[in-house]
Structure formats: C-alpha cells, structure tokens
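Each remark here refers to the structure printed beneath this line.
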Amino acid sequence: MRITIIAALLVASAALTAFGVLTFDLFNPDRDEVQLVLVTSALWLLFGLAWWLLRRVRGKTVVALILAGSALIGGAAMVGPPNTSTDSARYAWDGIVQTNGISPYAFTPADARLDSLRPDWLFPAPQTNAVGTEVCVGERIVRARTTDGDLLCSALNRTAVPTIYPPASEIFFAGVRFLTGPGPEYWPLQLTGLLLSLGTTVLLLNGMRRRGLNERNAALWAWCPLVATEAITNSHVDMLGVIFVVAAVFLVSSKKVWRGGIMLGIAIGTKLIPVLAAPALLKRGGWRMVAASVLSFALLYVPYVLATGIGVLGYLPGYLTEEGYQDGSRFALVSLVAPGASAVIVAGIILAIVAVLVIIKTDQTQPWVGQLVMIGATLLVLSPRYPWYALLLLPFVALSGRWEWLLVPMALTLRLLLPNPQLTQVSIAVAVIVIVAVSLRRAGPGALKQMLPPRLTARRA
C-alpha cells in the first residue's frame, strides 16, 4: 500500500509539473502569480510527502522508485518551453555562434555582423501593425537594436552585452548545437538537463550505497521540484556544474585527489559558483586538489583567451553591478543591519568566518555536511533572486539527509515568483530560524551547552 501511494504521488507530481509548464509562465503580462505560487507549493508538498513515505520502504524498491520518479517528473518538465527564465535562449545562441567558428566572447548578440546566423525562433522578424509601425510579437520576445540601429526582435536577454558564461559552459553549448544544428528550439537543452539530472541521481545512489549512507535520501534530489523546473524546463547550465561537483566530492573523499581536483576545476569552469564546494575538501585535497582544479580551469580558458583575449571576462563585472552586489542592495537580511555598501563588507566577513569553520570542522570522510553549510550559508547571505543557484545545494541535502536546508531553495523560489522585499526577508529569516533550530536539535543538548559562556554554564549547574 505504501509503495502504491508513493507511486500515485509521483504520478501526481509529474502531472502537476506538466500542467504548470503548459499553463503558467512569468512572461505573460496577464499571469496570475497566486495560482503559480499555489501550484509550486503543491509540488513541494507532494514531494515532501512522497519522501516521508519512502523512509519505510525497503530493498531494491527504493532505488526503483527513486529512478522512476526522477525520469517521470523530469520527462513531464519537458512538455513546454522555459517558463521562468530566458537563459537557455542565450545558451542556444552561444552554441550556434561557436559552431560557426566564432568565439561567444567576441561579439554581442546585437552585432550586425552576425545577422546571417540568426535562426527565426531566436530572432523572429518584426511585424508591421495597423498604423505601420514595426513591432516585436511574442511573450518571450523583446525589442532591441542591432549595432547598425535596426530593430532586433530577440528571445535573448541582454543582447547588447557579451556572454557571461565560463568556458566549460560554452563548450557544453557548442556540443549540443553541434549535434542538433540551429533549428531545434528548447528541447535539446531540456533533454540534456534531464540526462544530467538522471546521471546525478545514479551517481548519488551509487556513492551513497558504497559509503553506507541512506539511499532513500537521494529522493531529496531526484524528486525535488527545483530540479524539474530549473535543471530541465529552464535548462540552467548550473546542472552541468552539479554533476561534476558530486563526482569531485566522491573522488576526493575516496583519496583520489588529482581526479577529484580536475572534476572540481571543470565544475568551477561551468559557472564559478561550485568553488563554494572547495573549502570542505581542503584538508584532504590539499595543494594537489587546488593545483588540479586551477590547472583544469585554466586549460578550459586557453582556446578562448587565444581567440578573444581579455574579452573572456564577458559581462561578469557588469552583472555584479546590475544585481546589486557591489552596493549591497541585493543582500536581503544583511542589509537590514548593514545598509548600503557596508552590507558587502559584513557579508564578506560572515562568509569568511563560515569558510574557516568549514575548513577546520569538516569531517573529511563526510565532507558533504561542510559543503551543505558553506553553500547554504552563502545563498542565505547573498539571497540571489535566481533559485536555480540552489541546484548546487540539493545534492548535499541528499547526502547529509538534512532536509531543513530545503527551505533555502523554497525561499529563493518564492522570491522569484513574488519579488516583494519584505516577503523575501521574512521567508529567508524563517529559513535561518528553522535551520538553526533543527541543527541544534540534531546536535543534541550538549551542543547548546558548549556555545554558552563557561561562567553561565557553571552558574546553571
């Protein structure tokens, strides 16, 4: 009966995922944010209930349910185009440019010299309305101008700036478009997202079995709504970094330091954020892991540096300014106590302290707990408005079994769907409170006693 109920919940999750993809998107000016939040909340509820019921299932059925649910929900996430992000359009364009022998860092998408490369699904032709004005039509289509001043209708965001993505991502984009050509729209990247998410599920199950960890917790990755939405529907390249990070963790914790370092370097070369997984591995990895990571990261850049020079920095400096990380306006909780530019300093101090504690305290046979804390704390402090950054957190939630950290991607998802500063502050504050409370309970009563000053402890005794 329990297995039947879990199967029914997974089918319901897949059906609701497909319904959400086909019905809701953030590009529709008439969208109903409340309905979108309700559907998203229902998906998280189904996910949590299915995982809770899985705890009593035994044997090979656990692995079968996890894999089947991962494939079923992931497949349902492919039924429609991206609905909360246009990033995959940029991925496709960068791949198309590269298959034509051009560095993605060399020209902006609006450069008139690239006109002959533009597929209609990414750059539809302007239409003339009743009064004779050229307009751009489509929910995902924005108005821009080419470098010649002509109207450019585009599915890409930021057409006037070069790409921001590091070389591992760009190689990935080129590989996908080399296989498919420029014609297919969003499904090639969605399919690769599905394959990568399934690969991560298999990697987690295998690694957890070898280390005696609870395999049921792999469902915290495999069935999570964030994976379906952001790794598959919206095809975020963060997924590529995730699978390399998980491989790096298992290799370094097994004392295969050089190979683990290479995997970590490739992960960092995907989107830089995976560097947060490094502090917890430093004790065991040491200089060899660092050297292997730096070398593999640098080698990925070599062909692009030769082609473009300093232009490989792309839009990264402008992105940090745009997102408010230079003036501190993006830090949801930190800005309450340190407004303005001082928030950057306070955030830096907090994260430096967390990193030092992670390096010192992490058990090198179980580095995923330290990685969970490092990545989770960074997301809570920086509070990005993009929930797909939390994809990197989820494998470590699964490996550690610390479900309370799922409140982090939930809070970031709410921030995307309902971008209200006060609501964001409340949701992130709730996440912090619950994580601290549950973590103290896990540690037992002695943990709180150790945190109290000695004199206060003696007085109570």
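Candidates are the residues of region 12-40 that are surrounded by 15 or more Cβ atoms within 10 Å (Cβ to Cβ), over 25 Å from A155 (Cβ atoms) and not small (G, A, S); the one that is nearest to the chain's Cα centre (by Cα) is V37. For region 410-431, a residue qualifies if it is touching a Ser or Thr at 6+ places or on another chain (Cβ under 8 Å), touching a residue at least 40 places away in the same chain (Cβ under 8 Å) and within 18 Å of V397 (Cβ to Cβ), and the qualifying residues are M410, T413, L414, I428.
Screening T4 with (1) out of contact with any helix residue (DSSP H, G or I) (no Cβ under 8 Å at 6 or more places or on another chain); (2) within 23 Å of I141 (Cα to Cα) gives one miss only, at (2).
Within region 154-173, how many residues turn out to be assigned to a helix (DSSP H, G or I) and among the β-branched types (V, I, T)?
1
When residues in region 58-70 are screened for being in a helix (DSSP H, G or I), free of Cβ contacts under 8 Å to residues at least 12 places away in the same chain and either basic (K, R) or crowded, with 17+ Cβ neighbours inside 10 Å (or both), 1 of them pass. Within region 1-27, if we keep just the residues that are assigned to a loop (DSSP other than H, G, I, E, B) and among the hydrophobic types (A, V, I, L, M, F, W, C), the residue that is farthest from R58 (Cα to Cα) turns out to be F27. Please go through region 183-225 and give me each residue that is in a loop (DSSP other than H, G, I, E, B), more than 28 Å from G20 (Cα to Cα) and small (G, A, S), ordered by number. The one that is in a loop (DSSP other than H, G, I, E, B), more than 28 Å from G20 (Cα to Cα) and small (G, A, S): G212. Evaluated against (1) buried (at least 19 other Cβ atoms within 10 Å of the Cβ); (2) of a type in the set (A, V, I, L, M, F, W, C); (3) assigned to a loop (DSSP other than H, G, I, E, B), A125 falls short on exactly one condition, (1).
Is region 41-57 home to any residue that is closer than 21 Å to G175 by Cβ and surrounded by 17 or more Cβ atoms within 10 Å (Cβ to Cβ)?
Step one: list which residues in region 41-57 are closer than 21 Å to G175 by Cβ, which gives none.
No, there is no match, as no residue in region 41-57 is closer than 21 Å to G175 by Cβ and surrounded by 17 or more Cβ atoms within 10 Å (Cβ to Cβ).
In the set (1) more than 19 Å from the chain's Cα centre (by Cα); (2) on the phi > 0 side of the Ramachandran plot, the condition left unmet by V346 is number (2). Give the residue, chosen from L333, L412, L357, that is modelled with pLDDT of 90 or more and farther than 28 Å from A168 by Cα. Exactly one of L333, L412, L357 is modelled with pLDDT of 90 or more and farther than 28 Å from A168 by Cα, namely L357. Looking across S154, S103, S85, one residue alone is under 25 Å from L299 (Cβ atoms) and either of a type outside the set (A, V, I, L, M, F, W, C) or more than 23 Å from the chain's Cα centre (by Cα) (or both). It is S103.
Across region 88-100, the number of residues qualifying as more than 19 Å from the chain's Cα centre (by Cα) and part of a helix (DSSP H, G or I) comes to 7.
The values are calculated or read from the model by the stated rules, or taken from the named source; none is laboratory data. Since this is a predicted model, take the numbers as computed values, not measurements. Neighbour counts run over all protein chains shown; Cβ positions are idealised from the backbone, glycine included.
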